[in-house]
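Enquirer: The structure under discussion is supplied below as structure tokens; questions concerning it will follow.
The values are calculated or read from the model by the stated rules, or taken from the named source; none is laboratory data. These figures come from a predicted structure and were not determined experimentally. All Cβ positions, even for glycine, are placed from backbone atoms using ideal geometry, and neighbour counts span all protein chains on display. For the accessible areas, the whole protein counts, side chains as well, though only heavy atoms, and no ligand, DNA or RNA atoms are used. Shrake-Rupley method; radii C 1.70, N 1.55, O 1.52, S 1.80 Å.
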Amino acid sequence: MPSSTPPYQQITAEIRARILTGELRPGERMPSIRQIAQRWGVAVATATKVMAALRDEGLVETKVGAGAVVTAGRGQPAARQRQADTPKPALNRGKTLRTAIAIADREGLDAVSMRRIAAEMGVGPMSLYRHVAGKDELVMQMADEVFGEVELPEPGPDGWRAKLELIARRQWELCRRHLWLPRAVSFTRPLLAPRVMEHTEWTLRALDGLGLDMAIRIREALTLHALVVSASLSMAQEAETEQETGVTLDRWWRTQQERTGALLGTGRFPLLAAIATETVSDVDALFEYGLARHLDGFAAMLKKM
């Protein structure tokens, strides 16, 4: 007969046993959420619950630059007692959002849950619902909070191009600080968040005086932001891959040297063979190139009108 125990509890018990028996040692890297999902054939949401449960038990902690690792205390009673003796912080919306943003910055958006935030803050999960209604609203408020980090000058630099360059680069910097942010943005179901909307409003004002109807202006605002988002998604994917595999981009390229040399040495790809590796992997340069060529095209359109 199939077990009545939920899959996440079965997986949690198996990993817990490996930690407590010493098979997984203190400081050792834990399997990532994606690796848990693949190994046990479960959904990412189930794997996320596994990781949250292990953190709640004090068996797993997050180390900057290393991801999830087995804690030094391995969840022993003394460690749990120290955690219980620690005064609980005052609970408010700002603290909740800052905690959620910190988790997302370290581990990605999938790691953010009401249970995980509550564990980080040392409070009960249900107490958070006084400040946010659920995950969707939480993500919207997180995005709104980080968009508030960007100051948009009024009226801004002279000329539409300088204004569009300014807001695109400031959003790029924002996405570099918060790699999860592009995943929180939707163009078909836009975030109805005041600070996010201020960015769109500022971009629309940057196009004043050009004789453009509002349909073209909003499409330009969305296209410009899409350029930022698409480039920053590459950064986010690379950071996630490095965290899950422990292999940096430079190290990955070194492991591919033999295969790359074999392919390019055939003479079938002479143009690709002439390109330096750093040119391909320089996402900042790719963003700047895309921004410049997009604005060149927009300027050409204006001349024809």
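Enquirer: In this structure, is Glu220 of a type in the set (D, E, K, R) and open to solvent by less than 40 Å² (accessible area, probe 1.4 Å)?
Expert: Here the answer is yes, as Glu220 does meet what is asked.
Enquirer: If you don't mind, another one. Can you name the number of the only condition in (1) part of a helix (DSSP H, G or I); (2) free of Cβ contacts under 8 Å to residues at least 24 places away in the same chain; (3) not acidic (Asp, Glu) that Val247 fails?
Expert: The failed condition is (1).
Enquirer: So is Ala118 touching a helix residue (DSSP H, G or I) at 6+ places or on another chain (Cβ under 6 Å), under 30 Å from His294 (Cα atoms) and buried (at least 16 other Cβ atoms within 10 Å of the Cβ) or not?
Expert: Judged against the criteria, Ala118 is not a match.
Enquirer: Here's a check for you: in region 189-199, which residue that is open to solvent by 30 Å² or more (accessible area, probe 1.4 Å) and touching a residue at least 24 places away in the same chain (Cβ under 8 Å) is nearest to Gly108 (Cα to Cα)?
Expert: Ranking the qualifying residues of region 189-199, first place goes to Leu191.
Enquirer: Additional query: Going through region 191-223 one residue at a time, which ones are in a helix (DSSP H, G or I) and of a type outside the set (A, V, I, L, M, F, W, C)?
Expert: The answer is Pro194, Arg195, Glu198, His199, Thr200, Glu201, Thr203, Arg205, Arg217, Arg219, Glu220, Thr223.
Enquirer: Just one of (1) under 30 Å from Gly58 (Cβ atoms); (2) open to solvent by less than 30 Å² (accessible area, probe 1.4 Å); (3) among the charged types (D, E, K, R); (4) modelled with pLDDT of 90 or more trips up Glu145, so point out which.
Expert: (2)
Enquirer: What do you reckon, is Val123 touching a residue at least 12 places away in the same chain (Cβ under 8 Å), surrounded by fewer than 19 Cβ atoms within 10 Å (Cβ to Cβ), outside any helix (DSSP H, G or I) and under 18 Å from the mean Cα position of the chain (by Cα)?
Expert: no
Enquirer: A follow-up question, please. Just the residues that are surrounded by 12 or more Cβ atoms within 10 Å (Cβ to Cβ) and either closer than 30 Å to Leu212 by Cβ or of a type in the set (Asp, Glu) (or both), please, taken from region 256-284.
Expert: Asp282
Enquirer: Return the residue satisfying two criteria in turn: it lies in region 171-188 and is of a type outside the set (Val, Ile, Thr), surrounded by fewer than 15 Cβ atoms within 10 Å (Cβ to Cβ) and not in a helix (DSSP H, G or I), and of such residues it is nearest to the chain's Cα centre (by Cα).
Expert: Among residues in region 171-188 that are of a type outside the set (Val, Ile, Thr), surrounded by fewer than 15 Cβ atoms within 10 Å (Cβ to Cβ) and not in a helix (DSSP H, G or I), the one nearest to the chain's Cα centre (by Cα) is Ser186.
Enquirer: Further question on the same structure: So, of the residues in region 20-44 that are under 21 Å from the mean Cα position of the chain (by Cα) and outside any loop (DSSP other than H, G, I, E, B), which turns out to be nearest to Ala111 (Cα to Cα)?
Expert: Here the residue is Ile33.
Enquirer: Quick one: which of Ala17, Ala47, Ala13, Ala53 is surrounded by 16 or more Cβ atoms within 10 Å (Cβ to Cβ) and over 19 Å from the mean Cα position of the chain (by Cα)?
Expert: Ala53
Conditions (1) in contact with an Asp or Glu (Cβ under 7 Å, 6 or more places away or on another chain); (2) part of a helix (DSSP H, G or I); (3) open to solvent by 70 Å² or more (accessible area, probe 1.4 Å); (4) touching a residue at least 60 places away in the same chain (Cβ under 8 Å), marked per residue:
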site	(1), (2), (3), (4)
Gly94	no, yes, no, no
Leu97	yes, yes, no, no
Ala100	no, yes, no, no
Ala104	no, yes, no, yes
Asp136	no, yes, yes, no
Glu165	no, yes, no, yes
Arg169	no, yes, yes, yes
